[in-house]
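First up is the structure itself, then whatever we jot down about it.
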Amino acid sequence: MAEVALILGAQGRFGRNAAQALAEAGWDIRRFDRARDSLDRAARGADLIVNGWNPAYPDWAAQVPRLTADVIAAARASNATVVVPGNVYVFGPTTPPPWSEHSPQAARNPLGRIRVEMEQAYRSSGVRTILLRAGDFLDTEASGNWFDRIMIPKLADGLFTSPGDPSVPRAWAFLPDMARAVAALAARRAELPAYAEIPFPGYTLSAAEILGRLEAITGRSLRLKRMSWLPLQLAQPVWPMGRKLVEMRYLWDLPHWLDGRLFTHLLPEFTPTPVDRALAAAIPSALVR
């Protein structure tokens, strides 16, 4: 009998990709439906709970602690392992790269502290948890991430937008690869520590490097434009999301990447998608020459 994976946020970018990779690995996929399901009932008999829930930034303070407690309780009742997509917010601007499972979680801004406290709740819960930490997402369809919403929407017009210093290297994760890693780690969960914090190395790319690769992929000459943060700054008093976006602006000018040594030790056979193939999959297919 196949093991059961309950996917929370199955329509979201991480949950959708995780559900596909786990199904391909032979798991029985159970997608949580907020309209009709209760978490405790949906989790009964589940071997794995993939927590793809991600409220909007302004709702994190009110919702993340409650959702975390609910997932922990459901996992404890069903003796399930939880998979959590970690981000890089926990490190703050003072933690030197490369960021690893040993790096201090020095974030002091509100969104960063919420994530630090969320991770601590899983760590201290006793529930088996796999936290796979990644940088910004590249997806195979438009899913509202920075890459598809801000950086490439005018690619057909020859324009590529960088929200920060285009020379700064940053961590990126191709979601199908990250999802494949989830499936591989879930299959080996009995061999992992009760709380396994694992950086997903993905790619380290600056915006300038991405632009150069996209020029080769599309056969087009692209112009680099720096995004203006002024509209978001002016909107902060009346637009909570704008305040939160500005709060995380530092990550666009802060060199950072993830240490892949633990990941490679755990999954030595894992083969990432070549970066140009991932970028080609992350832009409209009509633009790929």
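The values are calculated or read from the model by the stated rules, or taken from the named source; none is laboratory data. Bear in mind the structure is a predicted one, so any value in this text is a computation, not a measurement. Note that we place each Cβ from the backbone using ideal geometry, even for glycine, and neighbour counts take in every protein chain shown.
Among (1) assigned to a loop (DSSP other than H, G, I, E, B); (2) surrounded by 18 or more Cβ atoms within 10 Å (Cβ to Cβ), which single condition is Leu185 missing?
Leu185 satisfies all of (1) assigned to a loop (DSSP other than H, G, I, E, B); (2) surrounded by 18 or more Cβ atoms within 10 Å (Cβ to Cβ) except (1).
Restricting attention to the stretch 140-160, which residues are buried (at least 20 other Cβ atoms within 10 Å of the Cβ) and either part of a strand (DSSP E or B) or on the phi > 0 side of the Ramachandran plot (or both)?
Hit for the stretch 140-160 is Phe160, nothing else.
Scan the stretch 161-175 and give yes if some residue there is within 13 Å of the chain's Cα centre (by Cα), surrounded by 19 or more Cβ atoms within 10 Å (Cβ to Cβ) and assigned to a helix (DSSP H, G or I), otherwise no.
Yes; the residues of the stretch 161-175 include at least one that is within 13 Å of the chain's Cα centre (by Cα), surrounded by 19 or more Cβ atoms within 10 Å (Cβ to Cβ) and assigned to a helix (DSSP H, G or I).
Return the pair list, or none, for Cβ contacts closer than 8 Å from residues in the stretch 79-91 that are farther than 11 Å from Tyr195 by Cα and free of Cβ contacts under 8 Å to residues at least 60 places away in the same chain to residues that are outside any strand (DSSP E or B) and among the polar types (S, T, N, Q), at least 6 apart or on different chains.
Note: pairs meeting the criteria are Val90/Gln105.
Might you let me know whether the stretch 208-215 holds any residue that is modelled with pLDDT of 95 or more, among the acidic types (Asp, Glu) and buried (at least 19 other Cβ atoms within 10 Å of the Cβ)?
No.
Give all pairs with beta carbons closer than 7 Å in which a residue from the stretch 165-182 that is under 13 Å from Phe263 (Cα atoms) meets a residue that is surrounded by fewer than 22 Cβ atoms within 10 Å (Cβ to Cβ) and among the polar types (S, T, N, Q); count only pairs at least 6 apart in sequence or on separate chains.
Filtered contacts from the stretch 165-182: Asp177/Thr273.
Which residue pairs have Cβ atoms closer than 9 Å, lie 6 or more positions apart in sequence or on different chains, and pair a first residue in the stretch 209-224 that is in contact (Cβ under 8 Å) with a residue 40 or more places away in the chain and outside any strand (DSSP E or B) with a second residue that is of a type in the set (Phe, Trp, Tyr) and surrounded by 14 or more Cβ atoms within 10 Å (Cβ to Cβ)?
Every condition considered, the pairs that remain are Ile210/Phe147; Ile210/Phe160; Ile210/Trp172; Leu211/Phe160; Leu214/Phe160; Leu222/Phe160.
Condition test on Ala196, is it more than 20 Å from Trp229 (Cα to Cα), part of a strand (DSSP E or B) and either modelled with pLDDT of 95 or more or not hydroxyl-bearing (Ser, Thr, Tyr) (or both)?
For Ala196, the condition - more than 20 Å from Trp229 (Cα to Cα), part of a strand (DSSP E or B) and either modelled with pLDDT of 95 or more or not hydroxyl-bearing (Ser, Thr, Tyr) (or both) - is met.
Quick check: is even one residue across the stretch 62-79 in contact with a Phe, Trp or Tyr (Cβ under 9 Å, 6 or more places away or on another chain), in a loop (DSSP other than H, G, I, E, B) and surrounded by 19 or more Cβ atoms within 10 Å (Cβ to Cβ)?
Scanning the stretch 62-79 turns up no residue that is in contact with a Phe, Trp or Tyr (Cβ under 9 Å, 6 or more places away or on another chain), in a loop (DSSP other than H, G, I, E, B) and surrounded by 19 or more Cβ atoms within 10 Å (Cβ to Cβ).
Sort through Thr264, Thr271, Thr204 and tell me the only one that's β-branched (Val, Ile, Thr), under 22 Å from the mean Cα position of the chain (by Cα) and part of a loop (DSSP other than H, G, I, E, B).
Residue meeting the stated conditions: Thr271.
Mind checking which strands (runs of 3 or more DSSP E) fall wholly inside the stretch 1-51 and carry at least 2 residues that are modelled with pLDDT under 95 and under 16 Å from the mean Cα position of the chain (by Cα)?
none
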